[in-house]
Amino acid sequence: MSIELNALKQTALYDKHVSLGAKMVPFAGYDMPLQYTGLAPEHHAVRNSVGMFDVSHMGEFSVKGNDAEALVSWICSNSILKMVDMQAQYNCMPNNEGGIVDDLIVYRWSAKDYTLVVNASNIAKDWDWIMTQKESKGFDCELEDQSDDISLLAVQGPNALKLLQKLTDIDLSAIEFYHFDAGSLGGCDDVVISNTGYTGSGGFEIYVWNTDANTLWDVIMEAGKEFDIIPCGLASRDTLRLEKGYCLYGNDINDTTSPIEAGLGWITKFDEPFVNQAHHQNIKTNGARRKLVGFEMVERGIPRQHYELVDANGNVIGEVTSGTQSPTLDKAIGMGYVTPEFAKPGSEIYVQVRNKSIKAVVAKLPFVV
């Protein structure tokens, strides 16, 4: 009998996706739904009303103890010490080589209790990195990897609040952007409701124990019929985030990109010491050698990751990191790194598609307001 060493993991909602006819694909070590009814209808549902994603593949680390705040502050580029209880914060973890270990969301319960939500593909790498920093600096705190016990539902769109408010006594309108609360939702207890998301259309991300995930999914889908809710997959999640100019780890940011180059200076603060701080301070002071920009295709063609970006004379000026056909704008859009002289909105650049230079123009982000 042979054992499949690289078998894909499944979320607690796997059977639900299969029963709904989702197209399943390998993603970050998981068997995940790419789409159900199709990319376009799922995309438009979120932009115009509400849709729900299973993003349970994401990782969750608990950090507790006397030095929890000190550890999180050291590994993160944003201002952890300015956070208040029940606040969430978008962040990144710099490495020692000038790049990014991962981008993440930090949840503060108290100064001695944090939850870090990391990308699925980086769970093992992030865990090792954080543990190394904890041990090398002697921080007094305990870490727990809760990734396999927690499911994450993203209910996104302008009608998400109305839908979820029917299912809880918590005043959801009182949860400010990038803040959270905890309690009962849809008959399930010990649920975390976070005013965050990756779509730019408003909504909430809901953390629930795996044992309640299927129940909560069904309750939300039933309550959402009033708003024509539909399940949504990874394909529309990607087009939604790209229209908003949100970075995707592995595409737009990685182990070699500085957050300053990636336009993430707003989460790179220098009022608290963090890993490799001087390197990023130097880039901010002296200017980046490349910058992440958004661009719209002027001529027909879809930009794809790693396609070369060139100037009018064919000189290489950068590389595409993300690209797609925007369902909202009905045109091809992309993001990529270019040399600073081509980073200004309105600059003409060209995408190399099958040895042809296809004209594009640098656009101000986000593509969709």
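Values as computed for the structure displayed
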{"read-out": "Extreme residue, surrounded by the most Cβ atoms within 10 Å (Cβ to Cβ), among residues of region 100-124 that are over 17 Å from the mean Cα position of the chain (by Cα) and of a type outside the set (Ser, Thr, Tyr)", "value": "ARG108"}
{"read-out": "Flag if VAL351 is surrounded by 14 or more Cβ atoms within 10 Å (Cβ to Cβ) and either modelled with pLDDT of 95 or more or touching a Phe, Trp or Tyr at 6+ places or on another chain (Cβ under 8 Å) (or both)", "value": "yes"}
{"read-out": "Residues that are among the hydroxyl-bearing types (Ser, Thr, Tyr) and farther than 23 Å from ILE123 by Cα, drawn from region 237-257", "value": "THR239"}
{"read-out": "Qualifying residue in region 43-50 (condition: within 28 Å of ASP128 (Cα to Cα) and of a type in the set (S, T, N, Q))", "value": "no"}
{"read-out": "Residue check, GLN165 free of Cβ contacts under 8 Å to residues at least 12 places away in the same chain, over 23 Å from ARG241 (Cα atoms) and not basic (Lys, Arg)", "value": "yes"}
{"read-out": "Residue list for region 205-262, filter: out of contact with any helix residue (DSSP H, G or I) (no Cβ under 9 Å at 6 or more places or on another chain) and farther than 30 Å from PRO94 by Cβ", "value": "TRP209, ASN210, THR211, ASP212, THR215, LEU216, VAL219, MET221, GLU222, LYS225"}
{"read-out": "Any chance ASP228 is in the same structural domain as MET24 (by TED's automatic domain parsing), in contact (Cβ under 8 Å) with a residue 12 or more places away in the chain, of a type outside the set (S, T, N, Q) and surrounded by fewer than 19 Cβ atoms within 10 Å (Cβ to Cβ)", "value": "yes"}
{"read-out": "Any hit, region 295-307, residues being surrounded by fewer than 18 Cβ atoms within 10 Å (Cβ to Cβ) and among the hydroxyl-bearing types (Ser, Thr, Tyr)", "value": "no"}
{"read-out": "Qualifying positions in region 342-354 - farther than 20 Å from TYR246 by Cα, in contact (Cβ under 8 Å) with a residue 12 or more places away in the chain and of a type in the set (D, E, K, R)", "value": "GLU348"}
{"read-out": "Single match in THR199, THR215 (criterion: in a helix (DSSP H, G or I) and β-branched (Val, Ile, Thr))", "value": "THR215"}
{"read-out": "Residue within region 90-101 that is touching a His at 6+ places or on another chain (Cβ under 6 Å) and outside the structural domain of ILE220 (by TED's automatic domain parsing) present", "value": "yes"}
{"read-out": "Flag for ASN66 being farther than 24 Å from ASN210 by Cα, in the same structural domain as LYS125 (by TED's automatic domain parsing) and surrounded by fewer than 20 Cβ atoms within 10 Å (Cβ to Cβ)", "value": "yes"}
{"read-out": "Residue in region 132-144 that is surrounded by 12 or more Cβ atoms within 10 Å (Cβ to Cβ), outside the structural domain of ALA213 (by TED's automatic domain parsing), modelled with pLDDT of 95 or more and polar (S, T, N, Q) present", "value": "yes"}
{"read-out": "Residue ID - farthest from ARG47 (Cα to Cα), chosen from residues in region 315-361 that are outside any strand (DSSP E or B) and touching a His at 6+ places or on another chain (Cβ under 8 Å)", "value": "PRO327"}
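The values are calculated or read from the model by the stated rules, or taken from the named source; none is laboratory data. No experiment lies behind these values; they were computed from the predicted model shown. Every residue, glycine among them, receives a Cβ derived from its backbone with ideal geometry; neighbour counts consider all protein chains shown.
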